[in-house]
1. Which angle from 0 to 90°, rounded to the nearest 10, does the C-alpha axis of helix A:53-63 make with the longest principal axis of chain A?
2. After finding the eigenvalues of the alpha carbon gyration tensor for the range B:1-78, what semi-axes result from the square roots of 5 times each, listed largest first in whole Å?
3. Quick check: net charge around B:ILE137, other residues with Cβ under 12 Å of its Cβ, Lys/Arg +1 and Asp/Glu -1?
4. Nearest 5 is fine: what % of DSSP beta bridges in the protein assembly as shown come out antiparallel, could you say?
5. Suppose a student asked you for the relative contact order of chain A, using Cα pairs under 8 Å spaced at least 6 residues apart; what percent would you report?
6. Counting alpha carbon pairs within less than 8 Å and at least 6 residues apart, what relative contact order, in whole percent, applies to the range B:4-225?
7. Rounded to the nearest 20 Debye, what is the dipole magnitude of the range A:1-50 about its Cα centre when Lys and Arg each give +1 and Asp and Glu each give -1 at the C-beta?
8. List the chymotrypsin sites (Phe, Trp or Tyr not before Pro) in the range B:74-162 that DSSP assigns to loop (not H, G, I, E or B) and whose Cβ has at most 16 other Cβ atoms within 10 Å. Which are they?
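Read-outs throughout are calculated quantities, based only on the coordinates presented, and are distinct from any laboratory measurement. Remember, predicted model here, so these are calculated numbers, not experimental data. Positions of Cβ are backbone-derived with ideal geometry, glycine not excepted, and every protein chain shown enters the neighbour counts.
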Amino acid sequence: MRFAVLIEVRLREGLPDPQGNTIAQALPALGFQQVTKVTVGKAIRLFVDADSETQARATLNRLCLELLANPIIEETEVLSLVAS
Amino acid sequence: MRTRQALNAGIVVFPGSNCEHDVALALNSVNVTTQFVWHQSCSLDGLDLVVLPGGFAHGDYLRPGAIARFSPIMKALVDFIDNGGVVLGICNGFQILTEAGLLPGALCKNKGLKFLCQNTKVRVCSNISPFTANLPIGTELDLPINHFSGNYICDTDTLNELESHGQIVLKYVANPNGSLHDIAGITNLDGNVMGLMPHPERACDELCSITDGMVLLNSLVHSLDS
């Protein structure tokens with residue numbers, strides 16, 4: 001089976017996020033006072049071939065740990081996994 | 001005892017490295033012979049020193065150093081380190097060493113979100129490794145920095161270990177990038193691997209206006225000679 005996947009990579013809570021802070025500071029001047037707590041990460045789309053969803057998730061876990069994120073500073077979440 | 005002329009350094013070149021020639025010139029000026037080692041090579045045999053130079057290995061895609069970690073040369077580098085070989089990672093080389101787990105911690109985007117390109121003062125905080133063995137603690141060096149991701153971060157336990165084992169070699173006098181405890185350069189526990197964000201190789205000629213890089217490289221070469 002082939003699964004279409006969307007993975008979010010984000011900074012761990014409490015680590016400095018200068019990109020998020022810079023965007024947040026620009027918001028009032030643009031009239032978006034109601035938008036707060038901006039953080040910036042990465043969204044990565046990919047396909048994975050596997051016999052089952054469980055096997056696909058196991059592959060993705062390893063991929064996230066070994067390449068897509070640096071576990072010291074980042075965490076990952078599979079936002080979407082759909083058989084295609 | 002080795003003679004100075006016998007020292008032979010390998011400079012690992014990744015696609016996107018751009019400081020390898022500066023490093024070679026600087027090392028040649030302290031009588032170290034150099035050779036470039038392509039990242040797909042699998043051997044570091046016969047070398048006294050290996051340098052991972054600055055630049056943008058593999059385009060810095062994903063994170064600086066994230067892809068370089070999987071280059072074939074990295075297995076040879078691990079073996080080289082395990083056998084006591086001395087490795088210096090400068091800027092992007094430092095980022096590669098942390099990504100590969102050969103140095104603790106990680107390097108995040110600068111606090112001010114600016115690419116920093118300036119001379120900056122660093123202070124020698126430890127001289128138990130060969131890199132600064134010949135420099136008194138407190139020595140201040142004027143060195144250039146040139147990076148976007150130089151903000152060193154690690155957890156509290158790691159920081160305590162770095163402090164207690166004398167692994168923090170260089171600290172910024174005026175922190176330019178938000179780096180934890182003003183850290184500019186660290187070693188591994190065994191003291192044979194060092195990563196630093198400043199570029200000593202760019203401060204080795206009067207034409208560069210500052211020459212303190214030569215002080216650091218001379219210290220390292222003197223240690224390797226003896």
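1. So the helix axis and the longest Cα principal axis differ by about 60 degrees.
2. Working: eigenvalues 115, 42, 12 Å².
Result for the range B:1-78: semi-axes of 24, 14, 8 Å.
3. On the way: positive: B:ARG123, B:LYS171; negative: B:GLU140.
Local charge sum for B:ILE137: +1.
4. Of those bridges, close to 70 percent are antiparallel.
5. On the way: 114 pairs, mean separation 47.2, N = 84.
Worked out over chain A, it gives 56 percent.
6. Numbers: 534 pairs, mean separation 45.6, N = 222.
Worked out over the range B:4-225, it gives 21 percent.
7. Working: 6 positive and 4 negative charges, 15 e Å.
My answer is approximately 80 debye.
8. Working: sites: B:PHE80, B:PHE94, B:PHE115, B:PHE131, B:PHE148, B:TYR152; in loops: B:PHE115, B:PHE131, B:PHE148.
When the chymotrypsin sites (Phe, Trp or Tyr not before Pro) of the range B:74-162 are filtered for loop state and at most 16 Cβ neighbours within 10 Å, B:PHE115 remain.
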